[in-house]
Amino acid sequence: MTKKWVHSASQLDTFRSCQRKWGYRYLDRISPPPSKAAQLGSSVHAALEHFLVDNKAELRSPLWKIIEPGLKFLPNNLQKDQVEKHFAFIEDEMFFHGFIDFHQYLGDKTWLIGDHKTCSSFDHALSPTSLKENLQANIYARWAFNNLSADKVTLRWIYYQTKSKNQARCVESEIDTQENLDNCRSIFESAKEIESIVKAESESFTLPKSTGSCFKYGRCPYFAMCKNDRRSSIIKPKAPREISLHDPIFSPKESYPIMSSAQNNPSFHLYVDCLPTKCDAAYERTIELSELLKPVFTQIKTEKELSHYRLAGYGQHVGLIATYLSEHLKNTAYDNRTAILSSVKTPEGCDTLQTLIAAAGQVTRGF
Ligand code: SF4
């Protein structure tokens with residue numbers, strides 16, 4: 001059975017910025033602590049998703065001040081599956097995946113692909129020319145050319161300024177198949193380089209450093225470890241993160257032994273960014289995180305009068321969802337005949353990960 005590494009735009013971006021950093025993050029799986037800016041970005045994304053799907057605006061939410069200036073750039077009448085779309089494609093026998101904030105058919109074989117970006121100022125916003133050459137934009141567009149039979153893709157990156165004056169900027173570019181193929185060539189080269197490193201089972205602390213990237217967005221979270229060329233103390237599973245060409249698409253599998261109290265724990269099995277395969281126990285129930293959270297959201301709505309937990313306010317939403325979800329898991333007692341599917345690529349998946357891991361009897365993670 002052939003197994004393959006799974007590539008994403010953020011992973012490839014990290015690899016190109018510093019291979020050593022990529023190794024710590026993706027080979028050793030040491031997640032950097034979430035920054036305040038990243039948390040705010042996730043909250044804005046969640047509120048925008050809610051707005052685009054349900055057309056509901058939380059005018060009293062502090063997030064709304066950030067979002068409102070960008071509304072004029074958003075398309076109308078999007079369906080749920082056009083928002084936060086998980087996509088996947090195979091190119092040159094390599095697997096790529098990601099999440100597109102919004103996409104829409106514009107007619108004449110042209111598709112719109114949009115991305116929300118929060119920023120403290122527009123200094124780092126892409127220009128239309130750099131957007132056309134941007135790695136993330138080209139991977140997203142590749143999916144549209146491969147899977148939607150697009151002839152052209154309109155890329156629309158919306159920047160929401162979070163500091164000083166709240167304002168938004170829209171950067172747009174159009175790209176055709178040939179331009180995209182030209183831009184993807186070097187991206188696929190980087191992906192191949194990653195696969196060679198994985199195949200060679202290289203240790204992350206032996207990978208080349210790019211010291212020019214150490215302070216690019218504040219101090220690199222791996223700075224201390226990297227400075228001393230230290231091997232990470234995280235125990236890696238023997239098998240690299242892989243997926244099988246015959247598995248349901250994108251089910252990279254790694255079983256993590258979790259806290260000792262979880263041994264013989266008859267609680268539910270959690271799958272993060274992967275799916276159970278035929279070799280796994282036959283589950284009586286498989287529940288997507290969105291399904292699991294429905295009654296939790298209803299309770300928060302009733303008791304806190306909030307249409308979405310993320311609107312509890314910046315910094316409070318994680319505690320809120322953790323409290324209500326823990327209670328729900330305790331009261332419902334999902335046992336080991338239940339598989340719960342989550343993803344850290346969604347804001348809800350990130351916010352609930354710790355709570356779910358603490359309650360699960362077994363955790364299987366992709367990345
Ligand atoms: S500290 Fe610098 S060289 Fe080391 S991993 Fe981070 S970015 Fe790379």
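Read-outs: derived from the displayed coordinates by stated rules, not from any lab. Values in this document were obtained by computation on a predicted structure and should not be read as measured data. Counting neighbours? That spans all protein chains shown, and the Cβs are built from the backbone with ideal geometry, glycine included.
Key figures
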{"read-out": "The chain, helix-only ellipticity at 222 nm - DSSP H runs n ≥ 4, -39,500 (n - 2.57), divided by all residues, nearest 500", "value": "-11000 deg cm²/dmol"}
{"read-out": "For the chain, Kirkwood radius (reciprocal of mean inverse C-alpha pair distance, Å)", "value": "22.0"}
{"read-out": "Over 25 Å [Cα-Cα, the range 104-207], rounded percent", "value": "36"}
{"read-out": "DSSP-assigned coil residues among GluC sites (Glu not before Pro) in the range 10-110, each with at most 15 further Cβ atoms within 10 Å", "value": "Glu93"}
{"read-out": "Under-21-angstrom lysine pairs by C-alpha in the range 4-75, whenever the two are 8 or more apart or on separate chains", "value": "4"}
{"read-out": "Loop-resident sites, the range 37-74, for trypsin sites (Lys or Arg not before Pro), counting at most 13 other Cβ within 10 Å (DSSP)", "value": "Lys56, Arg60"}
{"read-out": "Projected label distance in nm at Asn77 and Ser213, using a 7 Å step from Cα toward the beta-carbon", "value": "4.3"}
{"read-out": "Dipole magnitude of the chain, debye to nearest 20 (Cβ charges: Lys/Arg +1, Asp/Glu -1, about Cα centre)", "value": "1140"}
{"read-out": "Dipole-positive endmost among Gly41, Val171, Phe99 within the chain (Cβ charges, Cα centre)", "value": "Gly41"}
{"read-out": "Overall dimensions of the range 294-367 as given by Cα atoms, namely Rg and Dmax in Å", "value": "12.6, 36"}
{"read-out": "Helix runs (DSSP H) in the chain reaching 30 Å along axis by Cα, Kyte-Doolittle at least -1.0", "value": "177-199"}
{"read-out": "Estimated inter-spin distance, Lys227 and Ser10, nm [label 7 Å along Cα→Cβ]", "value": "2.7"}
{"read-out": "Point-to-point label distance, Ala57-Ser164, nm (Cα→Cβ direction, 7 Å offset)", "value": "2.5"}
{"read-out": "Mean projected area (nm²) of the alpha-carbon convex hull when the range 1-88 is viewed from all directions", "value": "8.6"}
{"read-out": "Cα gyration tensor of the range 38-180 - equivalent ellipsoid semi-axes, whole Å, descending", "value": "26, 17, 14"}
{"read-out": "The range 298-367: GluC sites (Glu not before Pro) falling in loop per DSSP and having at most 14 other Cβ within 10 Å", "value": "Glu305"}
